[in-house]
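Structure record follows, encoded as structure tokens.
The values are calculated or read from the model by the stated rules, or taken from the named source; none is laboratory data. Please read these numbers as outputs of a predicted model, since none were measured by experiment. Every residue, glycine as well, gets a Cβ built from its backbone with ideal geometry; the counts of neighbours run over all protein chains shown.
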Amino acid sequence: MSRIGKLPVEGGKATLSLADGVLTAKGPKGELTLTVVDDVNAEVSDNSVTFTPKDESKRARAMWGTMRARAQNMVIGVTEGYEKELELVGVGYRAQMQGSDVKLSLGFSHDVIYKAPEGISLSSTKPTEVKIAGADKQAVGQVAAEIRKYRPPEPYKGKGIRYAGEQVRRKEGKKK
């Protein structure tokens, strides 16, 4: 039995509604939707949503907790929002804003311009820092991973793009 799936998702400042298997959360940071899978039942009452599995199949029990967690992430996203920070480590590695896009100087022959997808805001207060914010937790993480993918941190000098607070395991160089 899912310990997470049993718990109801409280709406709080967000307004929850369910129509045709689509759960919608509206709040101060925007509106998000979630299509509830066929193996799980969802009920909205008193601005909280409860999930139950339709049967005892392995998929239904697995999706029960998943749907509840995704609904909770939606509620947090539309009320508080999500944010990730990236650090650029390396000589000459810089980030600067170009409108809503971010221009990254990463040691390539050209600058990389990353266009922010809809619902995601990028900001760069320091030249070595990029902040990604948005209501959708999955989208924020995906954008952070895509930007990091341009120059992942390397283990010898530690240069590259890393998440704020990430520990990069360092290796010893060549011996003579």
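The criterion of being of a type in the set (A, V, I, L, M), assigned to a loop (DSSP other than H, G, I, E, B) and closer than 28 Å to R70 by Cα does not hold for A145.
Taken over the range 48-66, the residue count meeting the criterion of being among the charged types (D, E, K, R) and buried (at least 16 other Cβ atoms within 10 Å of the Cβ) is 1. Taking the range 72-82 as the range and being under 21 Å from L122 (Cβ atoms) and assigned to a helix (DSSP H, G or I) as the test, the residues that pass are N73, I76, G77, V78. Can you find a residue in the range 86-93 that is in the same structural domain as S124 (by TED's automatic domain parsing), of a type in the set (D, E) and buried (at least 17 other Cβ atoms within 10 Å of the Cβ)? Yes - at least one qualifying residue is present in the range 86-93. Annotation: T79 fulfils all but one of (1) among the hydroxyl-bearing types (S, T, Y); (2) within 24 Å of the chain's Cα centre (by Cα); (3) within 28 Å of K149 (Cα to Cα); the unmet one is (3).
Would a scan of the range 24-40 turn up a residue that is surrounded by 15 or more Cβ atoms within 10 Å (Cβ to Cβ) and more than 29 Å from I120 (Cα to Cα)? Taking every residue of the range 24-40 in turn, at least one turns out to be surrounded by 15 or more Cβ atoms within 10 Å (Cβ to Cβ) and more than 29 Å from I120 (Cα to Cα). Among the residues of the range 132-139, are any at pLDDT 90 or above and more than 30 Å from L23 (Cα to Cα)? No: zero hits. Answer yes or no as to whether A69 is surrounded by fewer than 19 Cβ atoms within 10 Å (Cβ to Cβ), of a type in the set (G, A, S) and part of a strand (DSSP E or B). Considered against the rule, which asks whether it is surrounded by fewer than 19 Cβ atoms within 10 Å (Cβ to Cβ), of a type in the set (G, A, S) and part of a strand (DSSP E or B), A69 comes out as no. One residue alone among P28, P53 is under 30 Å from E118 (Cβ atoms) and in contact (Cβ under 8 Å) with a residue 40 or more places away in the chain, and that residue is P28. Would you please name the residue that is nearest to the chain's Cα centre (by Cα), looking only at residues in the range 125-156 that are basic (K, R) and loosely packed, with under 14 Cβ neighbours inside 10 Å? Ranking the qualifying residues of the range 125-156, first place goes to K149. For D38, the conditions (1) within 26 Å of G141 (Cα to Cα); (2) part of a loop (DSSP other than H, G, I, E, B) are fulfilled apart from (1). Filtered by the rule that a residue be at pLDDT 90 or above and closer than 17 Å to W64 by Cα, the range 21-32 gives V22, L23. The residues listed here are K126, K171; of these, the one that is farther than 22 Å from N73 by Cβ and either touching a Pro at 6+ places or on another chain (Cβ under 7 Å) or among the small types (G, A, S) (or both) is K171.
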